[in-house]
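The values are calculated or read from the model by the stated rules, or taken from the named source; none is laboratory data. In this text the structure is predicted, and so the values were computed from the model without any measurement. Note that each Cβ is placed from the backbone with ideal geometry, even for glycine, and that neighbours are counted across all protein chains shown.
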Amino acid sequence: MPNLSKIHFHVADTDDAAEAFQTLKSMYGQTEPGDAEIIVALGGDGTLLEALHKFYMLDMPFYGMNRGSIGFLLNPYMAQDLPARLSGAHSVLLHPLRMKALTAEGQDVEALAFNEVSLLRQTHRAAKIRVSVDEIERLPEVICDGILVSTPAGSTAYNLSAHGPIIPLSANALALTPISAFRPRRWRGALLPYTATVRFETLEAEKRPVSATADFTEVRNITRVDIHELRKTGVTIMFDPGHNLEERILKEQFLS
């Protein structure tokens, strides 16, 4: 990795992140995004996700430093020798999911998700959702609080909280995970190939309204959602040696 000295810092709206930014800016400056060689996010995992969504079209690497509460995708914060750390970092290529949602009003909404696309009930009534994979109906009805499709990078986030599987980055798979499923009672989800296209259709949509969220983009009152991975789009995230994301995901599977 060449020397990366033109840095744009993407900063969380917290005191710790702001203080770190002032220190780093005085040492390395603040380059405009279009002229930078790398984006450095200061905050938590959510801050890095914000940076990915805001700048992924610039086709440059991302590096996160933890100045927030959760930092699974981040490196430890240290101000010294940052260009050297960036030059020695290891890279991971992540591919996002594309969500295409259709609302009850007939509106089509598209969004990307680097973690997951999740559907959630909007009222006290449980959602009823039909699940199809590659145009084949797999479950005619899931009664649940919601359901999600997760990337490997996102498998340790909401997916894990919903008791979904942790997926190694090299597995080329997606997690399909129900959220508090009532029926089928014993269904715990499925692992799908990264080439799969998942369709969710809401049943009794007026009585049981459902929202769909792709990372930060929420769409209310959806009737149908199609999800697939975009292999032609990818982002490079950098990690210090010893903080490799593949190894951290593997370790997560053995924590008690």
Condition met for residue 25 (of a type in the set (Lys, Arg) and within 30 Å of residue 195 (Cα to Cα)) | no
Just a yes or no: is a residue in the range 163-174 under 24 Å from residue 126 (Cα atoms) and hydrophobic (A, V, I, L, M, F, W, C)?
-> no
Starting from the range 13-33, keep only residues that are outside the structural domain of residue 79 (by TED's automatic domain parsing) and within 14 Å of residue 77 (Cβ to Cβ), then list their pairs with residues that are of a type in the set (Ser, Thr, Tyr) and outside any helix (DSSP H, G or I) whose Cβ atoms are within a distance under 8 Å, requiring at least 6 positions of separation or different chains.
-> none
List the number of the failed condition for residue 77; all other conditions in (1) in contact with a strand residue (DSSP E or B) (Cβ under 9 Å, 6 or more places away or on another chain); (2) under 25 Å from residue 208 (Cα atoms); (3) assigned to a loop (DSSP other than H, G, I, E, B) hold.
-> (2)
Restricting the search to the range 1-56, which residues are touching a Lys or Arg at 6+ places or on another chain (Cβ under 9 Å), part of a helix (DSSP H, G or I) and surrounded by 20 or more Cβ atoms within 10 Å (Cβ to Cβ)?
-> 17, 20, 47
Does residue 84 satisfy the condition of being over 23 Å from residue 9 (Cβ atoms) and either touching a strand residue (DSSP E or B) at 6+ places or on another chain (Cβ under 9 Å) or not acidic (Asp, Glu) (or both)?
-> no
Could you say whether any residue in the range 92-103 is of a type in the set (A, V, I, L, M), without any contact (Cβ under 8 Å) to a residue 40 or more places away in the chain and either assigned to a helix (DSSP H, G or I) or surrounded by fewer than 21 Cβ atoms within 10 Å (Cβ to Cβ) (or both)?
-> no
Could you check the range 188-256 for strands (runs of 3 or more DSSP E) lying wholly inside it with 1 or more residues that are small (Gly, Ala, Ser) and touching a residue at least 60 places away in the same chain (Cβ under 8 Å)?
-> 210-214
If we keep only residues of the range 142-186 that are among the hydrophobic types (A, V, I, L, M, F, W, C) and part of a loop (DSSP other than H, G, I, E, B), then the residue nearest to residue 229 (Cα to Cα) is 153
Hey, any hits in the range 109-121 for a residue that's over 20 Å from residue 192 (Cβ atoms), at pLDDT 95 or above and either loosely packed, with under 15 Cβ neighbours inside 10 Å or touching a Pro at 6+ places or on another chain (Cβ under 9 Å) (or both)?
-> yes
